[in-house]
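Presented below is the structure to which this report refers.
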Amino acid sequence: RYGVDLEAAYNPRPWLRLDANVSIAHSALVANHGNGSALALAPRLMGQGGVTLVEGDQFVALRARGIADRPGNDADTLTAEGYLIFDLMAGRSFGKRINVNLTINNLLNSEWREAQFAEASRVTPAAPVVEQMHFTPGSPITATATVAISY
């Protein structure tokens, strides 16, 4: 495997923060072995980033995270589907002891596949075995509120 990771953060104003990171990689099981050098589930492109607005003791941030399509098996005949998810976060501090946060994951309620694996299966015991992508669906839009009190 070889690749490059890029990371950047920029504060153009005291109230504005921008950040991002991207990973680009090449992974090969066995070069020129008739499989297109695929390595099952090895990410080729993934990243995250966002914009944060800050005013005093409060903030709001819009974040994005994602991964591109990638080989689902070593033969590169199946594809593990990529995704791009947006999250929204907001928070406020009350003095030095109390922090309140609200996070909305998957803000656009996108359908996405979180865990993906190539597995052989069959519909009935007499049916032929078929290799397919099996997956765990990603979480739908979800809101989480937290209150942290420090003593």
Inset, instruction - Under 8 Å between Cβ atoms, at least 6 apart or on separate chains: pull out the pairs that start in the range 49-65 with a residue that is over 11 Å from residue 86 (Cβ atoms) and open to solvent by 30 Å² or more (accessible area, probe 1.4 Å) and end on any residue that is of a type in the set (Ser, Thr, Tyr) and part of a strand (DSSP E or B). - result: 57/93; 58/93; 59/52; 60/52
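Of all the residues that make up the range 120-131, how many are closer than 30 Å to residue 68 by Cβ and exposed (fewer than 13 other Cβ atoms within 10 Å of the Cβ)? I'd like the intermediate steps shown before the answer.
Applying the first criterion (closer than 30 Å to residue 68 by Cβ) to the range 120-131 yields 120-121, 129-131.
Filter once more, keeping what is exposed (fewer than 13 other Cβ atoms within 10 Å of the Cβ): 120-121, 129-130.
So the answer is 4.
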Legend entry - Single match in 109, 99, 105 (criterion: open to solvent by 60 Å² or more (accessible area, probe 1.4 Å) and at pLDDT 95 or above): 109
Legend entry - the range 34-48, residues that are open to solvent by 30 Å² or more (accessible area, probe 1.4 Å) and at pLDDT below 95: 34, 36, 39, 40, 41, 43, 44
Inset, instruction - Answer yes or no: is there a residue in the range 59-81 that is modelled with pLDDT of 95 or more, more than 13 Å from the chain's Cα centre (by Cα) and among the β-branched types (Val, Ile, Thr). - result: yes
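The values are calculated or read from the model by the stated rules, or taken from the named source; none is laboratory data. Quick caveat, the model's predicted, so the values are computed rather than measured. Neighbour counts run over all protein chains shown; Cβ positions are idealised from the backbone, glycine included. The protein model used for the area step is the full one, side chains on, heavy atoms only, and it has no ligands, DNA or RNA in it. Shrake-Rupley method; radii C 1.70, N 1.55, O 1.52, S 1.80 Å.
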